[in-house]
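This report refers to the structure that appears directly beneath it.
Each reported figure results from applying straightforward, stated rules to the coordinates on display, with no laboratory input. Predicted, not measured: the structure shown is a model, and the values here were computed from it. Counting neighbours? That spans all protein chains shown, and the Cβs are built from the backbone with ideal geometry, glycine included.
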Amino acid sequence: MFPALFCMLTLLFFAFQVIPGDPVRAVFSGEGATTLTQEQVEYFRNLFGLDKPLHIRYFKWFWDAIHLDLGLSIQTGAQVTKEVSTRLHVTSTLVIMALLITIVISIPLGIFCAFYQDKWPDYVLRVVALFALSMPSFWVGVIVILIFLYLWRWFPPLDYATIFTDPWLTIKQLFLPAFILGVRPVGVAVRVVRSSMLEVFREDFLRTARAKGVIERLVISRHALPNGLIPVITFFGLEAIILVGAAVLIETIFAIPGLGTLVVDAVKARDMYMAQGGMLFLFILSLVVNFIVDILYAVIDPRVRHEYAREK
Amino acid sequence: MSVLLEVKDLKKYFPLIKGILRERQIGLIKAVDGVSFAIRKGETLGLVGESGCGKTTTGRCIVGLEEPTSGKITFAGKEISASDGLGLRELQGRVQIIFQDPFGSLDPRLTAEEIIAEPLMVEKFNRCEAREKVKEVMGLVGLDSEMINRYAHMFSGGQRQRISIARAIIRRPSLIVCDEPVSALDVSIQAQIINLFMELQEKLGHSYLFIAHDLSVVRNISTWVAVMYLGKIVEVVRAIELFKKPWHFYTRALISAVPIPDPSVEKERHRILLKGEVPSPLNPPSGCHFHPRCWEAKKVCSEEEPGMKEVEPEHWVACWVVEKQLG
Amino acid sequence: MMEGGLKVQDLCTYFFGRTSINKAVDGISYEVWTGEIMAIVGESGCGKTVSALSLIQLNPPGSQIVRGQVLWKGRDLLRMGSDEICRIRGKEISMVFQEPLTALNPIQTIGQQIAEVFQTHERLDKKEAERKTIEMLEAVAMPDAEKRAKSYPFQLSGGMRQRAMIAMALSCKPDLLIADEPTTAVDVTIQAQLLELIASLAKEVKTTVILITHNLGIVARYASKIVIMYAGKIVEKGDTPTLYAHPRHPYTISLLKAIPRLDQESGKKLVTIDGQPPPLDHRLPSGCSFHPRCLYASKKCKEEFPPFRPISDNHEVACWFVEG
């Protein structure tokens, strides 16, 4: 984990150096802004440490980041760390909800397809899955909003509740974006679940269970399912990370005040520190998800738990 | 008869490494723990033992696929060291290996010709000459030379083994190491391949190191038999004598465990049932490795390792009890 | 037929592919008496495993039991519904499989897997099932039974895994045990231990055993009756001493001559059978499928599969040549 973090901090820093445009001037070139004197520009540059040489800025960024001080927003002057952490749970809620929706839909469908392998339900569902994974989520998002707008005069909410203030409202508000976010992965997930289950169905230990007199329903639920879903965990772990990226777009479309919109706005305004800070947190979110997947693996599969598998 | 291969005190240890951040060695797998034997020209030494005894590792060390931890391997008078690049290449012209799994050891996307001719790539043969040689060995192993362009996956198990054998003999090696070459074959095919091994030895005069766990097969094909247990050789004797007079207690148990396809003979046999399982090579028992399972074990057996002694003419055993018995 | 015996009549299990039919088991019939150990012998591909699986309707996916009867305690196993046959599997008739690593659920402890048998058939509560599981493990001489019950299959050696499978199969004291190549995957000394175990436990509980193997040595030691299979059909059957002393079918004779024996002279050439066992689909030789490899094949052998003719009291052969 630590090497990844190190690389990410470095990459983030240098990425934002590449973006053209001076941050200070960009911030002050908004509407109703006055033109600055050279003195004032110098002042602000000094305030934000932008006049120091590259390597000093790099080390400072690195050092501060480790101490969780992500600097000051060039736009608002607010503490980046505070801003970012406020929005973190919004994005996390969205991503988790989307992931849950994907899991809840795709696992039963995948098992169903595996059961009816090569029969018509399987074919139909696979075609539907193909459609699902071919549609970019932001496109679907826009189309859905347009349809809802036209049919029911529904607008996306202006003010989003957070999971801490009003859980039920949050879920209701985030349901639609989470659903749209979760639909594309369903297309891929169904296929993954299906092929994993098909492989497990071929395994010998199912035959042993039947030979013991266990009825078919229990053979599937007790023996086939747990084994079949293990490889699926890796897949969902990867999907979750991709979902974090896709969430950024969906947030923008539905005007959800999450990390995604924060980063997008910051980049538009050349607010280097805010953008870096936001990206860093998105990255950490991905790492945490990855970590949870690894732990889940160890919890479920005893072979992973025991470091030395004794084989003869 | 001249000695072709001599192995002295061969050891191969595999370190067991644990740890994520700081890797440390927590144990040593003593796969081969001081093995010595010799093979003479034109003879077959059968190396027999159960899984984990180190026979496969020994074979791999001899062919150069593993680098020994210590010990001396001498081939045709010259000492082999794997670290010397030239030595290894020269060795590969004189020593070849045939593996167990006919389905795993051949690249399914190569044709029979490509597989069999592969060893010739070291020497500079042009395609015509190579093809002639391939056809010649295919005839020797009983494969129809019409099948020269067929892909490996189109052959049956027995035929694939013949291809492996053809590949092994194309450079006329003096020693062929056979690692369980018939274990994965059906009984009727097994018999064909065993006969083939013996025919080829008669015709071409090479020696075999025949590694197997099937005592009946080993005994049928070998001149000499060496029995291995947990990394060490416990008994070496002529194949004819093995069944008549096994001395080491493990050998006796091993023989007793092999059923003979004759019910009238089986009824009369005395059965020895060993208790427990083969211990892990990570933590072999002290002294004689077999002592915990040996029904004749004495105090000295758990304290000191017995060396190989010639207890009778042409019969070597590593056992304190037997040594004492035979003076 | 005595109580507890099994009678198989004209069992046929075919695999239906897109273009061809694979006749894995093509009309086999035999009887096993209570308490005896019968061996089904043959090389790979002869159909012995599929025939055994078919007995309790466990034939592999893609295959169908096309014909036949398997009479057990007065009922036909092949005509039972799934509920009925599930009640019999594991309780009256059990199976032990060849490769215990793949035959055991890798993410359940062996204790859980053995306890499942008790929970399925005897409705025991968790504690009782655990206790009985440990009892069974001790009965199969599993070292450290309590500890091993909490182990996963990958943590055990091949011999121990097979012991676990045997424990699982014998948990409910079945009347019939079908052992499919139970010792092929283990070392020879472990093989001896396991077979002795099966033989002695079976004797103790008066279980009938069907032993499937290609090893004619094991058969000589343990089986009282033998059935020889080739290309989906039985070619010879009889009691062990008779079959070994006076084999009649050319395949049986060749098979016995092709095995190296520990007590024979070394360096002697084995007598081989040319060619290899045939595929069981449309390429299967007509009539008696052994005819392409048989030294005594005649025109009739190509046309029709010979019927069974009794040679003596306990010995039957299906061969035109033997018939005379």
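With a Förster radius of 30 Å applied to the C-beta separation of C:Trp33 and C:Asp83, the computed FRET efficiency comes to 0.55.
Summed over qualifying helices (DSSP H, 4 residues or more, each -39500 (n - 2.57)) and divided by its residue number, chain C shows a 222 nm mean residue ellipticity of -9500 deg cm²/dmol. Taking A:Ile143, A:Ile253, A:Ile215 in turn, the Gaussian network model of chain A (Cα-Cα springs below 10 Å) assigns the largest fluctuation to A:Ile215.
Here each label is just a point 7 Å from Cα along the line to Cβ, and for A:Phe6 and A:Glu42 those points are 3.9 nm apart.
Classification of the range B:21-160 by its C-alpha gyration tensor yields a prolate form. The axis ratio a/c (a ≥ b ≥ c) is 1.5 or more, and a/b outweighs b/c. Sorting the Cα pairs of the range C:1-154 by distance into bins of 10 Å, from 0 upward, gives 9, 31, 31, 23, 5, 0 percent per bin.
Applying the criteria of a DSSP loop state and at most 16 other Cβ atoms within 10 Å to the chymotrypsin sites (Phe, Trp or Tyr not before Pro) of the range A:127-221 yields A:Trp154, A:Phe164. Shape class of the range B:94-188 from the Cα gyration tensor (axes a ≥ b ≥ c, square roots of the eigenvalues): oblate, since a/c reaches 1.5 or more and a/b does not exceed b/c.
Taking each of B:Lys267/C:Lys173; C:Lys203/C:Lys225; B:Lys12/B:Lys232; C:Lys7/C:Lys225 in turn, the alpha-carbon distance tops 19 angstrom for B:Lys267/C:Lys173. Sorting C:Asp274, C:Asp26 from the fewest to the most surrounding beta carbons within 10 angstrom yields C:Asp274, C:Asp26. Beyond 20 Å, what share of the Cα-Cα pairs of the range A:84-205 remains, rounded to the nearest whole percent? Looking at the range A:84-205, the distances longer than 20 Å represent 54 percent of pairs. Looking at the protein assembly as shown alone, DSSP beta bridges between its own residues are antiparallel in about 65 percent of cases. Each Lys and Arg adds +1 at its Cβ and each Asp and Glu adds -1 at its Cβ; summed about the Cα centre, the range A:81-301 shows a dipole of about 460 debye.
If a/c stays under 1.5 just call it rounded; otherwise compare a/b with b/c (prolate if a/b is bigger, oblate if not). Do that for the protein assembly as shown, with a ≥ b ≥ c from the square roots of the Cα gyration tensor eigenvalues.
Verdict is prolate for the protein assembly as shown.
One equal scatterer on each Cα of chain C, no solvent, Debye formula: the resulting log10 I(q)/I(0) at q = 0.09, 0.13, 0.16 Å⁻¹ is -0.49, -1.00, -1.40.
Of the residues A:Cys113, A:Cys7, C:Cys294, the one with the fewest other Cβ atoms within 10 Å heads the list, and the complete ranking is A:Cys7, C:Cys294, A:Cys113.
Using the Cβ of C:Ile93 as centre and a radius below 14 Å, the other residues enclosed give a net charge of +4, where K and R count +1 and D and E count -1. Legend: mean number of C-beta atoms from other chains within 10 angstrom of residue C-beta atoms, peptide C:250-263, equals 6.
With the alpha-carbon atoms of the range B:155-261 aligned to their principal axes, the span from lowest to highest coordinate is 41, 29, 24 Å, starting with the largest.
Peptide B:181-193 shows a mean partner chain C-beta count of 6 within 10 Å per residue C-beta.
Dividing the mean sequence gap of close Cα pairs (under 8 Å, 6+ apart) by how many residues the range A:81-301 holds gives a relative contact order of 30 percent.
Can you give the local net charge around C:Cys319? Use residues other than it whose beta-carbon is closer than 15 angstrom to its beta-carbon, Lys and Arg +1, Asp and Glu -1. Its environment carries a net charge of +3.
Rg/Rh, computed from the Cα trace of the range B:3-325 with Rh as the Kirkwood radius, has the value 0.99. Write down the Kirkwood hydrodynamic radius of chain A, to one decimal in angstroms, obtained as one divided by the mean of 1/r over all alpha carbon pairs. 22.5 Å is the Kirkwood radius here.
Cross-link partners for A:Lys82 among the lysines, with Cα-Cα distance under 26 Å and sequence neighbours closer than 8 places in the same chain left out: A:Lys52, A:Lys60, A:Lys268.
Modelled label positions at A:Phe138 and A:Arg217, each set 7 Å beyond Cα in the direction of Cβ, lie 4.8 nm from each other. The simple spin-label model puts a point 7 Å past each Cα toward its Cβ; for B:Lys135 and C:Phe16 those points are separated by 4.9 nm.
Using the Cβ-Cβ distance between B:Glu123 and C:Tyr296 with R0 set to 51 Å, the FRET efficiency works out to roughly 0.60.
What value, in deg cm²/dmol to 500, does the helix sum -39500 (n - 2.57) over DSSP H runs of n ≥ 4 give at 222 nm once divided by the residues of chain B?
Mean residue ellipticity at 222 nm (helix-derived): -9500 deg cm²/dmol.
Across chain B, the mean sequence separation of Cα contacts (distance under 8 Å, 6 or more residues apart), normalised by length, yields a relative contact order of 19 percent.
Determine the gain in length on full extension of the stretch A:Val128-A:Phe175; use 0.36 nm per residue of separation and subtract their C-alpha separation, reporting nm with one decimal.
14.8 nm
Binning all Cα-Cα separations of the range C:116-209 at 10 Å, short to long from zero, yields these whole-percent fractions: 16, 49, 32, 3.
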